[in-house]
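K.L.:
My structure is below; once you've seen it, I'll send some questions.
The values are calculated or read from the model by the stated rules, or taken from the named source; none is laboratory data. A quick note: this is a predicted structure, and the numbers were derived from the prediction, not measured. When we count neighbours, we look across all protein chains shown, and the Cβ atoms used for this are built from the backbone with ideal geometry, even at glycine. For accessibility, only protein heavy atoms count, side chains too; no ligands or nucleic acids. Shrake-Rupley method; radii C 1.70, N 1.55, O 1.52, S 1.80 Å.
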Amino acid sequence: MADPSSYRPRPGEIPDSPGVYKFRDEHGRVIYVGKAKSLRQRLANYFQDLAGLHPRTRTMVTTAASVEWTVVSTEVEALQLEYSWIKEFDPRFNVKYRDDKSYPSLAVTMNEEFPRVQVMRGPKKKGVRYFGPYAHAWAIRETVDLMLRVFPVRTCSAGVFKRSAQIGRPCLLGYIGKCSAPCVGRVDAEEHRRLAEEFCDFMAGRTGAHLRRLEREMQRAAEEMEYERAARLRDDIEALKRAMEKNAVVLTDATDADLVAVAEDELEAAVQIFHVRGGRVRGQRGWVTDKVEEVTTAGLVEHALQQLYGEESGDAVPREVLVPALPDPVEPLTAWLAGRRGAAVDLRVPQRGDKRALMETVRRNAQQALALHKTRRASDLTTRSRALEEIAGALGLDSAPLRIECFDISHLQGEDVVASMVVFEDGLARKSEYRRFQIKGFAGQDDVRSMHEVVSRRFRRYLQERQRTGEWATGEDGESHGSEGPGTAPGGTAGAAGAAGTSAADGADGADGPAPAEEGGRSRAPKFAYPPQLVVVDGGQPQVAAARRALDELGIDDVAVCGLAKRLEEVWLPGEDDPVVLPRSSEGLYMLQRVRDEAHRFAIRYQRGRRSRSLKASPLDAVHGLGESRKQALVKHFGSVRRLRAATVEQICEVPGVGRKTAEAVAAALAQAAPAAPAVNTATGEILEDREDQ
C-alpha cells in the first residue's frame, strides 16, 4: 500500500487549466482516468488526509504509485480525451458498463455494392446502418419479413448470393417476391441501393411519406382498373402498418430521442436506454456496472452517454437526450454530443407530460434489470461459493460460514424498539428461519444495549435447545416466532404449518425460555437449535462489541462476529481498532451487504406493523369479552369514544346487547385510559373536540 504523499506533485507543478489525469500503479498500469475543469483543484482533493477520503477513493490513491496529466484547451477536449483513454487503458477503478445481455440489432450493410439486411450483434462496423438494439432476434426477423414485401432488399449471405449468380437462378425469396434478386440482374446496383435507402428511411421513423406514396399508387392502379396491382399495393400498405404496430406510439409529436434512466445501490448501478424514433420505441438496451469509484447519478449518466455515443456520429445521436440528472457543468457534455451529431443536441431532464411518463417507464426497467442482475448473481452457485470463501479469508475463519445470521435494531424515535434475525444458508436466504424480537429489558433507545439483549436471548435459547436434545421448543412467554414463510396468516402463530416446521408469516417476536416438547399432541420444529458459523450485526464497533460480549457471557466461543457499517461499508471485527475493507467488486462484500439489507428490511417491516397496530388500538380493547361487533355498536350509539367516556353505566346499558356487567367494565376501562389528544384540523388549526377515534 503506497503513501500518496510519496508521489504527490510539488506545489505549483499542477497547472490551473482543463485537462485529463492518469493514476498509475507501481507496475506502470493505468488504474484511473479522470478529467477536470481545473487540474490543480481536482488533484488536490486526492492528496488530503486519507481519513477524509471516501473508501473507494482511498483505495485508489493508496494503490497508485504516480500521477500524470495532460493539459487541453477546453472541457469538451477533456471529455473526448477521457473517453479515449478509458477505452485504451481500461482502468480498474473507472466505471465500466457491461451489457447485461448481448442485444441484437437490425443492420443494413450500406458499405457493400448490394446492401444486405441482417441481424447483427457485437461491435458496430463502419458503413453499416444499425437500428435497435432489440430485446429478441425473432422480433427483428418478424419486422423484416413484413417489410421485405414492400422493400425487397437482399437478405442472403455472400455465399448464397454468389451461388445464385453462378447458376443464374435466384433463391426462394426471389421467387416469392421478397427479394428483388440483384444476383440474377432483375435490378441493378443503383436500383437495389435505392430500395435499401427507402428501407432505412422507414426504419428511421420516416414512415408517412412511404405510406402516402403507396396509397397514391394504389388509387391510381384502381382508377386504371389494374385491380391485381392495386390489391398487391393494398397488402403492402397493410404489411407496413403491421410492422409499425409492433412499435407502439409513445410520443405523439414524432420525437427522435434517447431516454436514459439509472437504478443504483451502494455497490452497483443499472442503466436502461430507450431509443425513440418518430415517436415510437425502436430499440432498448441496458448496462450494469460495479461502482468501483465514488460516483453520483449525474456521473453515471455522463459515463453512460460517453459509452453510448463515443463511437457514433450523425443521426445515430438524436436531437434530444433525456436523462434523470445533469452533470455540473452540463455545457461540455452538450457540446461534445453536438460535435458527434454535427448539429445541436438538447440534453435535459423531462419535467412533465408524456416524456416524463416515459422516463418513469425507463426507470422501472432499470430497477427491474438491477434486481434481475442481483438475483442471478445471488443464485449462481460458483459465485456464492467464492463469496463465502472471500468472507472466510477476510475474517480469518477456518472454513466458509455456511450459516450466517444477521441482527438489526429498528425503532421510531425510541418507540416500538424491535429487532430482526435473518438466516442465510449456503449463501441463500432461509426465510422460514427468520425471527423477530421485542426489546423487553429496558425502555428507550439504545441500539448497543438492544443488540446485547437480542443476541443473548437468541443464543440462550440455542443453549437450552442443545440441552434438551430430541425435544421441540416454542417459548414459555407466549411469544410466537415470525418469519415470512407462505401459507399462514399475519399476526398469528404457526398453527398447522408451524407444527410441520414453518413459522407464522407475521407472528410476534422470538422467545427466550424453555417450552414443552409437545403442543396439541404434535411435535413442533426447533426454533433456535442450529448455531451459525458467523453472526453479522448492522453497525460498527459498539454493536460488534455488544454482540461479542453477549456470546462471551454465555460461554460461546465457536461463533465468529462481525459488523457491517452502512455508511462506508466497512467490516468491523471485535477488539480491532481498524476495519477490514473489502474490495468494492468483492463477492464477499456483496453477500454481507445483501444479508445486512435483508435484516434491515425485515426489522423495518416488523416495526412498521407494530406501529400501525398501536395507532389503531382502542381503550375498548382492554375490556374482557367485548367483541368487535359490540365495540362498533357502542361507538355508533354514542358517536365517539369521547362521548362514550362521559356516559354513565345506565346510559351504556341502553346499547342493545350490552349488559350491566359489561357496561361497568367498559366504564372502568375508559376511566383508567388517558383521554386521547384532541383532533386538529391542520388547515384551520381548529380543535375537533368530538372526533376522538375508536
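K.L.:
Where the second residue is modelled with pLDDT of 90 or more and open to solvent by less than 30 Å² (accessible area, probe 1.4 Å) and the first is part of a loop (DSSP other than H, G, I, E, B) and of a type in the set (Asp, Glu) and lies in the stretch 175-199, which pairs have Cβ atoms under 8 Å and are six or more apart or on separate chains?
P.N.:
ASP188/PRO182
K.L.:
Confirm whether PHE114 is open to solvent by 30 Å² or more (accessible area, probe 1.4 Å) and in contact with a His (Cβ under 7 Å, 6 or more places away or on another chain).
P.N.:
Criteria met by PHE114.
K.L.:
Among the residues of the stretch 156-170 satisfying the criterion of being in a loop (DSSP other than H, G, I, E, B) and open to solvent by less than 40 Å² (accessible area, probe 1.4 Å), which is farthest from HIS210 (Cα to Cα)?
P.N.:
PRO170
K.L.:
I'm trying to understand the selection: among the residues of the stretch 137-155, which are at pLDDT 85 or above and crowded, with 20+ Cβ neighbours inside 10 Å?
P.N.:
Within the stretch 137-155, PRO152, VAL153, ARG154 qualify.
K.L.:
Of the residues that sit in the stretch 541-571 and are among the small types (Gly, Ala, Ser) and outside any loop (DSSP other than H, G, I, E, B), which one is most open to solvent (accessible area, probe 1.4 Å)?
P.N.:
Across the stretch 541-571, the extreme among qualifying residues is ALA545.
K.L.:
Looking only at the stretch 193-212, which residues are more than 22 Å from MET110 (Cβ to Cβ) and either surrounded by 14 or more Cβ atoms within 10 Å (Cβ to Cβ) or at pLDDT 75 or above (or both)?
P.N.:
LEU211, ARG212
K.L.:
Something else now. I need every pair where a residue in the stretch 113-129 that is without any contact (Cβ under 8 Å) to a residue 60 or more places away in the chain has its Cβ under 8 Å from the Cβ of a residue that is outside any loop (DSSP other than H, G, I, E, B) and open to solvent by 100 Å² or more (accessible area, probe 1.4 Å), sequence separation at least 6 or different chains.
P.N.:
Between residues of the stretch 113-129 that are without any contact (Cβ under 8 Å) to a residue 60 or more places away in the chain and residues that are outside any loop (DSSP other than H, G, I, E, B) and open to solvent by 100 Å² or more (accessible area, probe 1.4 Å), the close pairs are VAL119/ARG141.
K.L.:
Of the residues in the stretch 412-438, how many are open to solvent by 10 Å² or more (accessible area, probe 1.4 Å), modelled with pLDDT of 80 or more and more than 27 Å from ARG386 (Cβ to Cβ)?
P.N.:
Residues that pass the stated criteria total 2.
Residues checked against (1) in contact (Cβ under 8 Å) with a residue 24 or more places away in the chain; (2) outside any loop (DSSP other than H, G, I, E, B); (3) under 16 Å from TYR606 (Cα atoms):
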position: PHE442; (1), (2), (3): no, no, no
position: ARG449; (1), (2), (3): yes, yes, no
position: VAL454; (1), (2), (3): yes, yes, yes
position: ARG458; (1), (2), (3): yes, yes, no
position: TYR462; (1), (2), (3): yes, yes, no
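K.L.:
Would you tally the residues in the stretch 346-363 being assigned to a helix (DSSP H, G or I) and either crowded, with 19+ Cβ neighbours inside 10 Å or at pLDDT below 85 (or both)?
P.N.:
Count: 8.
K.L.:
Also: Determine, yes or no, whether ILE86 is touching a strand residue (DSSP E or B) at 6+ places or on another chain (Cβ under 6 Å) and assigned to a helix (DSSP H, G or I).
P.N.:
yes
K.L.:
Just checking, does the stretch 100-107 include any residue being modelled with pLDDT of 80 or more and either more than 42 Å from the chain's Cα centre (by Cα) or open to solvent by less than 20 Å² (accessible area, probe 1.4 Å) (or both)?
P.N.:
Yes, that holds for at least one residue.
K.L.:
Further, regarding this structure: Any residue at all in the stretch 331-344 that is of a type in the set (A, V, I, L, M) and loosely packed, with under 15 Cβ neighbours inside 10 Å?
P.N.:
Taking every residue of the stretch 331-344 in turn, at least one turns out to be of a type in the set (A, V, I, L, M) and loosely packed, with under 15 Cβ neighbours inside 10 Å.
K.L.:
Filter the stretch 33-62 down to the residues that are assigned to a loop (DSSP other than H, G, I, E, B) and buried (at least 18 other Cβ atoms within 10 Å of the Cβ) and list them by number.
P.N.:
LEU53
K.L.:
Counting just the residues of the stretch 1-28 that are buried (at least 16 other Cβ atoms within 10 Å of the Cβ), out of contact with any Ser or Thr (no Cβ under 6 Å at 6 or more places or on another chain) and of a type in the set (Lys, Arg), which one comes out nearest to VAL76 (Cα to Cα)?
P.N.:
Out of the qualifying residues, it is LYS22.
K.L.:
Determine which single condition ASP538 fails, assuming it passes every other condition in (1) open to solvent by less than 10 Å² (accessible area, probe 1.4 Å); (2) modelled with pLDDT of 80 or more.
P.N.:
The single condition ASP538 does not satisfy is (1).
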